[in-house]
Amino acid sequence: MTTVPTRTLNNGVEIPQLGFGVFQVPPEDTKGVVLEAFEVGYRHIDTAQMYGNEEGVGAALAESGLARSDVFVTTKLNNGYLEHDAALDAFQRSLDALGTDHVDLFLIHWPLPTVADYVARWRTLEEIYASGRARSIGVSNFQPAHLHRLRDETTVTPAVNQIEVHPYLRNDAARAADAELGIVTEAWSPIAQGKVLDDPTLLRIAEAHGRTPAQVTLRWHVQRGDVVFPKSVTRSRMEENFALFDFELSTTDMADIDALDRGERTGPDPDTFAYVPSA
Ligand SMILES: NC(=O)c1ccc[n+]([C@@H]2O[C@H](COP(=O)([O-])OP(=O)(O)OC[C@H]3O[C@@H](n4cnc5c(N)ncnc54)[C@H](OP(=O)(O)O)[C@@H]3O)[C@@H](O)[C@H]2O)c1
């Protein structure tokens, strides 16, 4: 079976560079989809309280027979839990839903800078980290200014920053801030939810390598050093997205894909996103 390379986080924890995302996988389908992903070989699952499918991930973990230590599990604090006690309670509900006494990575899902103080929420994550119930903690959708405030005002450096990155949104400034601070970048929507797949440059490079545009795009992320977790409910695509480690893009291929950047987001702008669900 393919061995997925790992990246070492700033606290020494190893994270598989390729994982499986479950955003928009319906809760009732999640157990079956994640079990299929395990069969294909994925050992890193990215879920979130917001996705409503942590229980399905937990059921798959339990039914798979895999050792807990063989699977890297990430979940994220939902936007409604802005206060200390509410965040702690929500974290415990995640552990219960996932059927585990710890996660490998717990993230603040969105900074919500116009709504509430993300520094206070980060201190709650520091407390969770100190309790040993999250092997590492990080952030998602944090802009450079948000990271710099955490650096100046708190103790623990986030292990990762999970941000939107794909060929149409290189997101260079956020990636540079991550690198400066020793934070691993995780690239969400790595194939822009499919929007990049008919790009002529990606089609040309894919044809030259006898690969698909999705594989070329995911390989571009891997060679840049980012962690990715493409989502698919389709078995053949799960397999396709997992077959990234037996070919290599040239420097020219990489530069040609870099040149596709148009600053185009598929998701919200983190500086203005302010969605807070009612409790
Ligand atoms: N932190 C955040 O704010 C945030 C935001 C968004 C996403 N994420 C994370 O990132 C993960 C991935 O992002 P995403 O789910 O938004 O988008 P994505 O992985 O870029 O794309 C998923 C879409 O592409 C299709 N697809 C997957 N592989 C394909 C292939 N080889 N060929 C053609 N189509 C393919 C899937 O279809 P089918 O499923 O129908 O096969 C699905 O519609 C999420 O699941 C989540 O874990 C995080």
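Every number in this text was worked out from the coordinates using simple rules, so none of it is lab data. These figures come from a predicted structure and were not determined experimentally. Cβ: placed from backbone, ideal geometry, glycine included. Neighbour counts: every protein chain shown.
Would you work out which of Ala173, Leu77, Ser131 lies farthest towards the positive end of the dipole of the chain? Charges go on Cβ: Lys and Arg +1, Asp and Glu -1.
Most positive-ward Cα: Ala173.
With the cut-off at 1.5 for a/c, could you classify the chain from its C-alpha gyration tensor as rounded, prolate or oblate?
Oblate, because a/c is 1.5 or more while a/b does not exceed b/c.
Taking a ≥ b ≥ c as the square roots of the Cα gyration tensor eigenvalues, with a/c under 1.5 meaning rounded and otherwise prolate when a/b beats b/c, else oblate, which class fits the stretch 1-54?
The shape class here is oblate.
List the aspartates and glutamates whose Cα lies under 17 Å from the Cα of Lys31, skipping any in the same chain that are fewer than 8 positions away.
Glu39, Asp46, Glu54, Glu55, Glu63, Asp96
Express the relative contact order of the stretch 159-244 as a whole percentage, based on alpha carbon pairs under 8 Å and six or more residues apart in sequence.
That works out to 28 percent.
Please compute the net charge surrounding Ser250, taking Lys and Arg as +1 and Asp and Glu as -1 over other residues with Cβ under 12 Å from its Cβ.
Taking every other residue near Ser250 into account, the sum is -2.
Per DSSP H run of n ≥ 4, the term is -39500 (n - 2.57); total these for the chain, divide by its residue number, and report the mean residue ellipticity at 222 nm rounded to 500 deg cm²/dmol.
-12000 deg cm²/dmol
Any idea what the relative contact order of the stretch 114-172 is, in percent, if you count C-alpha pairs under 8 Å spaced at least 6 apart?
34
Return a whole-number percent for the relative contact order of the stretch 1-91, with Cα pairs under 8 Å and 6 or more residues apart as the contact set.
Computed value for the stretch 1-91: 25 percent relative contact order.
Under a Cβ-only charge scheme (Lys and Arg +1, Asp and Glu -1), can you give me the dipole magnitude of the chain about the Cα centre, in debye to the nearest 20?
For this selection, approximately 120 debye.
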